[in-house]
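So the structure is just underneath, and the comments pick up after that.
The values are calculated or read from the model by the stated rules, or taken from the named source; none is laboratory data. Bear in mind that the values here come from a model prediction, so they are computed numbers and not experimental data. All Cβ positions, glycine included, derive from the backbone under ideal geometry; neighbour counts span all protein chains shown. SASA here: full protein model, heavy atoms, side chains in, ligands and nucleic acids out. Shrake-Rupley method; radii C 1.70, N 1.55, O 1.52, S 1.80 Å.
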Amino acid sequence: MKPGKDIISDIPEDHIFSSKYGSVKVYAEPPDKQYLTAVVPAGGTLQLTIPHGLPFVPMVMWFAELSPGSGGWYTGAVTARSPTDFAAGSPYVPLGDPNTYVDATNIKVKYRNDTASNKTIKYYYFIFADNGE
Amino acid sequence: MQDYGFKIAQEGFDVPICEDKDLVMSSEFDMLKTAATGVVNGGDSVSHGLAYTPLFFSIDISITGKAGFVGDDGSYVDTTVYKAHIAGYQKRYYLFYQPFE
């Protein structure tokens, strides 16, 4: 129970956890729980492929810092960039990109770089042992 | 008055000294409790029956066997419903007993 709450409470919000309610379960994160980096080539694309090891399509949370050193991390793979990152030409995943998805084997994210110089992004993910479909 | 509780560490980590991020659970931290989960069509609403705006995860299922990422799909919740965005896509949703506003 949470501090100040009674164990016999039937209010779910009063519990830290209860065998009565399921919860999402973190299955995997990057090695050593450290963010990873990738270089998106000038004028090109980079396909990230991460095997998840689960026998189903899992739920995945994805975070990325699109402008190196900005400290601004986006949630989701297909996100609308801030005006600052847009102006800086940070890599991005185009809306509706067919190469960005989670299936029963891999996590796939494809970044695009429209500038004339290589761009390095940072990324982090949580793979949950819970259905994503 | 002493504070009582419990902690469970992940495999390979020592409970007395590991960082909080290496715990499986701790009575010091709330855990997400699933109020409801399911799959709906884009454009549909699901009444959640909670008296607040709950934390939620929502994922696009655009093609059988493929899913999007949490937070990419444009769905939302309010104090009464979860609203699945974009007709033509199915959504996997998780609603939690966790108000966030």
remark   = Kirkwood Rh over alpha-carbon pairs of the protein assembly as shown plugged into Stokes-Einstein at 10 °C, 1.306 mPa s gives a D in µm²/s of 82
message = If you average the C-alpha positions of the range B:2-60 and of the range A:1-16 separately, how far apart do those two centres end up, in angstrom?
response = 15
key: Rg/Rh ratio calculated on Cα atoms of chain A (Kirkwood radius)   = 1.11
Relative contact order (percent, whole number), chain A, Cα cutoff 8 Å, 6+ residue spacing = 39
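Among residues other than A:ASN113 whose Cβ falls under 15 Å from its Cβ, what is the net charge (Lys/Arg +1, Asp/Glu -1)?
With Lys, Arg at +1 and Asp, Glu at -1, the net is +1.
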query = Using a 1.4 Å probe, what is the accessible area per residue for the range A:1-104, in Å²?
reply = 54
ask   = Near B:ILE86, within a Cβ-to-Cβ distance under 12 Å, what is the net charge of the other residues, with Lys and Arg +1 and Asp and Glu -1?
value = -2
request  = Restricting things to alpha carbons, tell me how big the range A:18-58 is in terms of Rg and Dmax, in Å.
outcome  = 16.1, 52
key: Whole-Hz ³J(HN,Hα) from phi, Karplus 6.51 cos²θ - 1.76 cosθ + 1.60, for the range A:79-96, glycine and proline x   = 10, 7, 6, 5, x, 5, 5, 4, 5, 7, x, 5, x, 7, 10, x, 4, x
ask   = In Å², rounded to the nearest 100, what is the total accessible surface buried by chains A and B against each other with a 1.4 Å probe?
value = 2600
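Where does the protein assembly as shown land at 222 nm, in deg cm²/dmol rounded to the nearest 500, when only DSSP H runs of n ≥ 4 count, each adding -39500 (n - 2.57), divided by all residues?
Calculated mean residue ellipticity at 222 nm is -500 deg cm²/dmol.
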request  = Report the label-to-label distance for A:PHE17 and A:MET1 in nanometres (one decimal), using points 7 Å from each Cα along the Cα→Cβ vector.
outcome  = 1.9
Global form of the range A:69-133, assessed from the alpha-carbon gyration tensor, a/c cut-off 1.5 = prolate
note = Looking only at lysines whose Cα falls under 30 Å of A:LYS25's and that sit 8 or more positions away or on another chain, we get A:LYS2, A:LYS5, A:LYS33, A:LYS108, A:LYS110, A:LYS122, B:LYS7, B:LYS21, B:LYS33, B:LYS66, B:LYS83, B:LYS91
note = Mean projected area, convex hull of alpha-carbon positions in the range B:60-99, reported to one decimal in nm², is 3.2
request  = Return the long-range amide H neighbours of A:LEU48 (sequence gap of 5 or more, or a different chain), with a cut-off of under 5 Å between placed amide H atoms.
outcome  = A:VAL109, A:LYS110, A:TYR111
ask   = So how many Å³ per residue does the convex hull of the Cα atoms of chain B work out to?
value = 140
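Give the ranking of A:THR84, B:THR53, A:THR75 by solvent-accessible surface, highest area first, calculated with a 1.4 Å probe.
Accessible-area ranking of A:THR84, B:THR53, A:THR75, largest first: A:THR84, A:THR75, B:THR53.
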ask   = Cβ under 10 Å from A:GLY22's Cβ, A:GLY22 left aside: what net charge do those residues give with Lys, Arg +1 and Asp, Glu -1?
value = +2
